[in-house]
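All remarks here apply to the structure that follows.
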2 protein chains.
Amino acid sequence: MDLICYLNGQFIPLDSAGLPVGDLGIQRGYGIFDFVRVTNGRALFLDDHLERFYHSAEKMRLPVGRTKDELKEAIDRLIKQNQLPDAGLRILLTGGISPDGYQIVQPNLTIIQQPLAPPPAQLPSPYKLVTCEYQREMPEIKTTHYLMAVWLYPWMKEQGADDVLYRQNGFVSECPRSNFFIVTKDDRIVTPAANILRGITRKQILKVAAAHHLPIEEASISLGDLRLAREAFISSSTKRIIPVQQVDDISFHSNELSRRLFELLVEEEAASY
Amino acid sequence: MDLICYLNGQFIPLDSAGLPVGDLGIQRGYGIFDFVRVTNGRALFLDDHLERFYHSAEKMRLPVGRTKDELKEAIDRLIKQNQLPDAGLRILLTGGISPDGYQIVQPNLTIIQQPLAPPPAQLPSPYKLVTCEYQREMPEIKTTHYLMAVWLYPWMKEQGADDVLYRQNGFVSECPRSNFFIVTKDDRIVTPAANILRGITRKQILKVAAAHHLPIEEASISLGDLRLAREAFISSSTKRIIPVQQVDDISFHSNELSRRLFELLVEEEAASY
């Protein structure tokens, strides 16, 4: 069956859905989005994602033009009609056609749903990361600006790595699509506080760790801190937690807390249904 | 009459031209372009623009999939059929549909032609610029990444300015869509050498200045140099040269060399037909 998508209030076949070539999202890379995992036919932590989506839109001065309830209804209909119990939803707001190539008049709102493998039931195999000196612009806003991430992809593969970890001036921040955490020798879980996108899974981790009295804090992480860490992992909506076995020449041999947090996230997710 | 555009080898009505919502140019802001001014039905300095376009494509690992001659033929047909003697041509190459949201398989190539006021016959009224601490990513490549430029636009207007001049660590680089020049007290014309896009009009200015024995050089320009300068101007394909009367609190009262270079550019342009 053909998938449908949502475009400015209409439900149309995904295959035929296009944005006008003059859209600022195409011509000027001006757009924001959010990505929601659908598991067992439910959009997970949708309120959190929509809150972040509206925040991104406001910061970029892009009027959404629809209420959160209207978006939820549209998402419900996509999930029901597309019958993809395991999927990803991309809610995208682009600048739209502009009279002068700069002014925003009427953004285009698109929601697409596409198949996505369900997250692993167990903690997945560990990743190897390679660091790159880079700081995303406007990191706290989920813009469509992934130019560097896409550009670095072949280089990352050449290094035999699974993902890139951004660093700047001796401090690490995040991966292109994941947040980064370390576990210190004295069992504190630390994740960068600044220059990052505040991930929804990151938020869940902060919550479940606190609820289970696991020491966790948001603080800067230097390359020196990384070298002294006992464990490292990344988090994302699609995979929950992936342990990290290596960052550049630094190896990690434990994944005890990664596993514990993974299990707590599975419980948290089940409770959110 | 409806305008037509070029899309992957086809000529279709511009109003109906769209890119699939999954295109990496939309989802990940991954695309490059070039902009060519059409005057009296001729695409100006087209070879220079195409050379830069292919250079941008290669650096971003985006196969164009067409020869320069094929693009020239397509542009000829657009100009003939659209009958817009004064226009702008945007040649755009976006990442296309990706199986995993990262890998590039088959980029989409679009050429659109839109009406554009012809450049002024005389040196236009001077601009007021406002500086902003910013460095474009991959500045030598003409990507579609204008997120900051579009975002700064309302702020720039609030400052009563006509354009933004980027600076970083005490040195100025360029405006979002124009190159920047100063004239020193001893009549040397200076334009930044690094961290900029090499504009086609900038290239013409370097050429005509040298041909007429006007001292010109590519060198870094500090905010201190700017304060000591006698004259400042910007250059672009659409406007040729616009004199600058103010950058932040620094005023310029001369436009002698701006005017001279403007006249030389008009001659150069006529000679290029």
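Out of the residues in the stretch B:136-189 meeting the condition of being farther than 27 Å from B:His49 by Cα and among the acidic types (Asp, Glu), tell me which one is surrounded by the most Cβ atoms within 10 Å (Cβ to Cβ).
Of the residues in the stretch B:136-189, the ones farther than 27 Å from B:His49 by Cα are B:154-161, B:168-171, B:184-188.
When the remaining residues are screened for being among the acidic types (Asp, Glu), the result is B:158, B:186-187.
Details: B:Glu158: 9, B:Asp186: 7, B:Asp187: 12.
For the stretch B:136-189, the residue satisfying everything is B:Asp187.
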So which of A:Ile221, A:Ile234, A:Ile216 is crowded, with 16+ Cβ neighbours inside 10 Å, hydrophobic (A, V, I, L, M, F, W, C) and under 29 Å from A:Arg90 (Cβ atoms)?
A:Ile234
Within the stretch B:76-100, of all residues that are away from chain A (no Cβ under 12 Å) and without any contact (Cβ under 8 Å) to a residue 40 or more places away in the chain, the one farthest from B:Asp47 (Cα to Cα) is B:Lys80
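Here is a yes/no grid of residues against (1) farther than 30 Å from B:Leu116 by Cα; (2) within 21 Å of the chain's Cα centre (by Cα); (3) at pLDDT 95 or above:
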{"site": "A:Val38", "(1), (2), (3)": "yes, yes, yes"}
{"site": "A:Phe45", "(1), (2), (3)": "yes, yes, yes"}
{"site": "A:Phe53", "(1), (2), (3)": "yes, yes, yes"}
{"site": "A:Ser56", "(1), (2), (3)": "yes, yes, yes"}
{"site": "A:Leu62", "(1), (2), (3)": "no, yes, yes"}
{"site": "A:Glu73", "(1), (2), (3)": "yes, no, yes"}
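Hey, among the residues in the stretch B:143-186 that are among the polar types (S, T, N, Q) and farther than 28 Å from A:Thr94 by Cα, which one's farthest from the other protein chains (Cβ to nearest Cβ)? Spell out the reasoning first.
Keep residues of the stretch B:143-186 that are among the polar types (S, T, N, Q), which gives B:143-144, B:159, B:168-169, B:173, B:178-179, B:184.
If we keep only those that are farther than 28 Å from A:Thr94 by Cα as well, we get B:168-169, B:173, B:184.
Values: B:Gln168: 13, B:Asn169: 13, B:Ser173: 16, B:Thr184: 32 Å.
Within the stretch B:143-186, the match that is farthest from the other protein chains (Cβ to nearest Cβ) is B:Thr184.
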When you go through A:Ala149, A:Ala161 one by one, which is the residue that is assigned by TED's automatic domain parsing to the domain that holds A:Arg202, modelled with pLDDT of 95 or more and over 18 Å from the mean Cα position of the chain (by Cα)?
A:Ala161
On the basis of being touching a residue at least 12 places away in the same chain (Cβ under 8 Å), touching a Gly at 6+ places or on another chain (Cβ under 8 Å) and of a type in the set (Gly, Ala, Ser), does B:Ser222 make the cut?
yes
Which of (1) in contact (Cβ under 8 Å) with a residue 60 or more places away in the chain; (2) within 13 Å of chain A (Cβ to nearest Cβ); (3) surrounded by 22 or more Cβ atoms within 10 Å (Cβ to Cβ) does B:Leu129 not meet, given it meets every other one?
(2)
Those helices (runs of 4 or more DSSP H) lying entirely in the stretch A:192-273 with at least 2 residues within 20 Å of A:Pro139 (Cα to Cα) and modelled with pLDDT of 95 or more
A:200-211
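With of a type outside the set (A, V, I, L, M), at pLDDT 95 or above, over 17 Å from B:Ser237 (Cβ atoms) and outside the structural domain of B:Arg202 (by TED's automatic domain parsing) as the only criterion, which of B:Gly88, B:Gly101, B:Gly95 stands out? Give the derivation first.
On the way: B:Gly88 fails: over 17 Å from B:Ser237 (Cβ atoms); B:Gly101 fails: at pLDDT 95 or above.
B:Gly95 is the lone residue from the list that is of a type outside the set (A, V, I, L, M), at pLDDT 95 or above, over 17 Å from B:Ser237 (Cβ atoms) and outside the structural domain of B:Arg202 (by TED's automatic domain parsing).
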3 or more residues charged (D, E, K, R) and farther than 29 Å from A:Ala121 by Cα: qualifying helices (runs of 4 or more DSSP H) within the stretch A:1-105
A:68-82
Select from the stretch B:90-109 the residues that are under 15 Å from B:His55 (Cα atoms) and among the β-branched types (Val, Ile, Thr) and list them in ascending order.
B:Ile91, B:Thr94
Could you list, in sequence order, all residues of the stretch A:1-51 that are within 14 Å of chain B (Cβ to nearest Cβ), among the hydrophobic types (A, V, I, L, M, F, W, C) and free of Cβ contacts under 8 Å to residues at least 40 places away in the same chain?
A:Ile12, A:Val21
Name the residues in the stretch B:132-190 that are of a type in the set (Val, Ile, Thr) and part of a loop (DSSP other than H, G, I, E, B), would you?
B:Ile141, B:Thr144, B:Thr184
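The values are calculated or read from the model by the stated rules, or taken from the named source; none is laboratory data. This one's a predicted model, so the numbers in the text were calculated from it and none came from an experiment. Counting neighbours? That spans all protein chains shown, and the Cβs are built from the backbone with ideal geometry, glycine included.
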